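One structure is given below, encoded as structure tokens.
The values are calculated or read from the model by the stated rules, or taken from the named source; none is laboratory data. This one's a predicted model, so the numbers in the text were calculated from it and none came from an experiment. Methodologically, a virtual Cβ is constructed for each residue, glycine included, from the backbone with ideal geometry; neighbour enumeration extends over all protein chains shown. Only protein heavy atoms, including side chains, enter the accessible area calculation; ligands, DNA and RNA are left aside. Shrake-Rupley method; radii C 1.70, N 1.55, O 1.52, S 1.80 Å.
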Amino acid sequence: MFERQILAKLEQWKTSSRRKPLILRGARQVGKTTVVNQFGKQFDNYLYFNMEMAENVRMFEMAIPLDDLVDMLFASQGKARTPGNILIFIDEIQNSPKTIGLLRYFYERRPDLHVIAAGSLLENLIDVKVSFPVGRVQYLALRPCSFYEFLGATGKHNLLALLREKPEMTVAFHEQMMHWFNLFAIVGGMPEAVKQYAETRDIVALEDVYETLVQAYKDDAEKYVAGNKLTDTVRFILSYGWASAGETITLGNFANSGYKSREVGEAFRLLEKAMLLELVYPVSSTQLPLVPETRRMPKLIWFDTGLVNYQAGIRREIIGSTDMVDSWRGHIAEQVTAQELLSLDDRVGQRRVFWAKANNGAEVDFVINHESRLYPIEVKSGSNSHLRSLQVFMDSCDHDVAVRIWSKPYSVDRVNTPKGKTFRLVNLPFYLIGRIHDILEEVSNR
């Protein structure tokens, strides 16, 4: 299996003097179990328990001292404890609310143990009044594979190395880089799809992988909700909502569903908890703090572009496109940009925002916080004179750097706004989104 970037964060957690039990969050099938199993090879003692197995639930919920439980965990797997460090991995922990509460005692009484828990629907347990050990656990989010992980999985280590150099060095390899990014946009970042494509180089054969994944999410609908009406709404979104990826949406009668705004909003919130999608809301300020305006219409961003392409039936259009920004009215370019931006951050609560000036019509696709400043990001080709919304943003912000994501090579332009402000426009090809913070740092310090 290919290596995931989150392994570096897990290694930092392992050696931290302030380590707490770690809860690894992520949508189903993004590779949580595989990552921890790979990480477990670094330990002298590694114990894996899946809480979908009733015997494991019974064992962890036994009313016995914690030290006795640890002895029992070793005995249950027929393993003798060897000298050295210990990692206990509790998978699908949402099936045992009592075990979630037990994490605080691992922290307080056995800080020598390394404990990781994982689950796909943990936040939904708040509705059944589970006592989370606040302040006694840490969280990390695992997303679908990034483009850089995709390159590693497909053996393109030479391109991966080149992407770590100065961005100007990528210009000579631009067409090759864009070829592989377009493939990534089609395949997506679900580990099973990436792994199969790396082995077969067959895009068509991935349809079975996507179909299985989507059906599994639909089957999970009963786990998200208790009421039949809401179950139907969740299933509707999982069936037809993919075609609205990258679009600004209205909740009432979403996708001509006939469902009311309250029903659709609740269903979306449940799917956000499952980390399958995000409603991205606008901000109207060009300064921190970021305060999303949740009364305004959001953009719908799904967690994986490969599933979007498959479910929306647009893979053929993207395969035949010469510029991703022109494909599917530009929405797939926004979707994959949003996905790459989120992959830069492993905080569970990290959210994306876009900028829209009220009563003006000016709108910028995304804004990001870098070194306590907000930087606008437009996903658009064409001449600089067409970037009217970006220029409106720059007229009211406190710096002189903006970003355009496009399909052309890296460059930096100087642009004058109608009000006379000169700013630097960083033209960033899609394959350099993963370096955006490094590049902003370099350009801003010039």
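A few comments on the model shown:
- Yes/no for Arg295 being without any contact (Cβ under 8 Å) to a residue 40 or more places away in the chain, within 30 Å of Val367 (Cα to Cα), open to solvent by 40 Å² or more (accessible area, probe 1.4 Å) and part of a loop (DSSP other than H, G, I, E, B): yes
- Test: residue in the range 219-229 that is surrounded by 12 or more Cβ atoms within 10 Å (Cβ to Cβ), among the hydrophobic types (A, V, I, L, M, F, W, C) and without any contact (Cβ under 8 Å) to a residue 40 or more places away in the chain: yes
- Selected residue [open to solvent by 40 Å² or more (accessible area, probe 1.4 Å) and either among the acidic types (Asp, Glu) or touching a residue at least 12 places away in the same chain (Cβ under 8 Å) (or both)] from Val412, Val443, Val401: Val412
- The range 148-163 - residue that is open to solvent by 40 Å² or more (accessible area, probe 1.4 Å) and either at pLDDT below 95 or of a type outside the set (Lys, Arg) (or both) and, of those, nearest to Phe184 (Cα to Cα): Gly155
- If you go through the range 75-125 and keep only what is open to solvent by 70 Å² or more (accessible area, probe 1.4 Å), closer than 19 Å to Ser16 by Cβ and among the basic types (Lys, Arg), you end up with Arg104, Arg109.
- The listed residues are Ser321, Ser327, and the only one of them that is at pLDDT below 95, open to solvent by less than 10 Å² (accessible area, probe 1.4 Å) and not aliphatic (A, V, I, L, M) turns out to be Ser327.
- Looking across Glu11, Glu52, one residue alone is of a type in the set (Asp, Glu), surrounded by fewer than 17 Cβ atoms within 10 Å (Cβ to Cβ) and in a helix (DSSP H, G or I). It is Glu11.
Residues are listed down the side, and each one gets a yes or a no for (1) more than 23 Å from the chain's Cα centre (by Cα); (2) within 26 Å of Lys32 (Cα to Cα); (3) open to solvent by less than 10 Å² (accessible area, probe 1.4 Å); (4) touching a residue at least 24 places away in the same chain (Cβ under 8 Å):
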| residue | (1), (2), (3), (4) |
| --- | --- |
| Glu247 | no, no, no, yes |
| Phe254 | yes, no, yes, no |
| Glu266 | no, no, no, yes |
| Met275 | no, yes, no, yes |
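- Subset tally (residues that are open to solvent by 70 Å² or more (accessible area, probe 1.4 Å) and part of a loop (DSSP other than H, G, I, E, B)) for the range 35-49: 1
- Contact annotation: residue pairs with Cβ atoms under 8 Å, 6 or more positions apart or on different chains, pairing a residue in the range 126-147 that is open to solvent by 40 Å² or more (accessible area, probe 1.4 Å) with a partner that is at pLDDT 80 or above and of a type in the set (Asp, Glu), are Arg136/Glu108.
- Flag if Glu211 is more than 24 Å from the chain's Cα centre (by Cα), not hydroxyl-bearing (Ser, Thr, Tyr) and not in a loop (DSSP other than H, G, I, E, B): no
- Considering the conditions (1) modelled with pLDDT of 95 or more; (2) touching a Pro at 6+ places or on another chain (Cβ under 7 Å), Leu125 is excluded by exactly one of them, (1).
- Subset tally (residues that are closer than 17 Å to Ala274 by Cβ and surrounded by fewer than 20 Cβ atoms within 10 Å (Cβ to Cβ)) for the range 14-28: 1
- Subset of the range 232-245 [open to solvent by less than 10 Å² (accessible area, probe 1.4 Å) and part of a helix (DSSP H, G or I)]: Thr233, Val234, Ile237, Leu238, Gly241, Trp242
- Filter pass, Asp208 being at pLDDT 95 or above and open to solvent by 80 Å² or more (accessible area, probe 1.4 Å): yes
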